[in-house]
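Note sheet for the following structure.
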Amino acid sequence: MPTEISGSTGVDKIQSDAIEHADLPSGSVLQVVHSNTNSNFAVGGPSYTDTGLSATITPKFATSKIYIQVGQPGWISVDTTSARHVNFNICRGSTQLIQGKVVYKAASGYDTPFSNNLNWLDSPNTTSATTYKTQMKINNSSADAYAQQDSDSYSTITLMEIAG
């Protein structure tokens with residue numbers, strides 16, 4: 001990064017090749033925030049429950065978009081052969097942005113693995129700290145859904161600020 005200083009009585013001009021955020025073209029990645037957890041999570045009912053996976057980003061510009069990428073492995077434990085629905089949310093604060101749904105039909109007493117791999121491009125229109133999180137629910141109380149249940153099972157969320 002070359003800098004030029006000229007003038008005999010002080011600094012008249014400073015020239016730098018540094019790129020400012022405002023100079024980046026639309027679609028450029030301005031910052032990345034990543035978070036993970038392996039804290040136990042279980043849900044056994046039809047109400048959305050926070051999974052403990054979240055990350056906070058402070059956009060540099062109100063015109064920026066936030067790309068959210070989630071990877072959340074888990075399993076469902078079923079006590080019947082009837083189909084069960086596991087629903088996933090990505091939320092900005094308490095606002096649902098996208099919902100994913102997986103239908104499972106498993107033999108009673110068996111655990112069936114699943115993966116919540118949701119992505120979303122959000123336009124929060126703010127420069128304030130913004131928290132994104134995941135939620136899960138299951139359609140019937142005769143089954144339970146779990147995520148990040150042991151020290152080797154991590155869930156991840158990555159937030160990328162994209163220049164608008």
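The values are calculated or read from the model by the stated rules, or taken from the named source; none is laboratory data. Because the structure is a prediction, the values reported are computed rather than measured. Please note: Cβ atoms are built from the backbone with ideal geometry, for glycine as well, and neighbour counts cover all protein chains shown.
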*Failed criterion for Lys133 (all others in (1) out of contact with any Asp or Glu (no Cβ under 8 Å at 6 or more places or on another chain); (2) part of a strand (DSSP E or B); (3) modelled with pLDDT of 95 or more hold)*: (1)
_Here's a check for you: in the stretch 46-62, which residue that is among the β-branched types (Val, Ile, Thr) and modelled with pLDDT of 95 or more is farthest from Gln31 (Cα to Cα)?_
Thr56
*Check the stretch 22-35 and report whether any residue there is modelled with pLDDT under 90 and touching a strand residue (DSSP E or B) at 6+ places or on another chain (Cβ under 6 Å).*
no
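Do we find a residue being modelled with pLDDT of 90 or more and in contact with a helix residue (DSSP H, G or I) (Cβ under 6 Å, 6 or more places away or on another chain) anywhere in the stretch 74-95?
No, the stretch 74-95 contains no residue that is modelled with pLDDT of 90 or more and in contact with a helix residue (DSSP H, G or I) (Cβ under 6 Å, 6 or more places away or on another chain).
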*Mind counting the residues in the stretch 37-60 that are surrounded by fewer than 16 Cβ atoms within 10 Å (Cβ to Cβ) and either in contact with a helix residue (DSSP H, G or I) (Cβ under 8 Å, 6 or more places away or on another chain) or of a type in the set (A, V, I, L, M) (or both)?*
2
*Out of curiosity, is Asp111 over 12 Å from the mean Cα position of the chain (by Cα), at pLDDT 75 or above, of a type in the set (Asp, Glu) and over 21 Å from Met160 (Cβ atoms)?*
no
*Can you tell me which residues in the stretch 38-70 are of a type outside the set (A, V, I, L, M) and in a strand (DSSP E or B)?*
Phe41, Thr49, Asp50, Thr51, Gly52, Ser54, Thr56, Lys65, Tyr67, Gln69
*Out of (1) at pLDDT below 80; (2) out of contact with any Lys or Arg (no Cβ under 6 Å at 6 or more places or on another chain); (3) surrounded by 13 or more Cβ atoms within 10 Å (Cβ to Cβ), what's the single condition that is false for Lys105?*
(3)
*Which residues, taken from the stretch 115-125, are at pLDDT below 95 and buried (at least 18 other Cβ atoms within 10 Å of the Cβ)?*
Asn116, Leu118
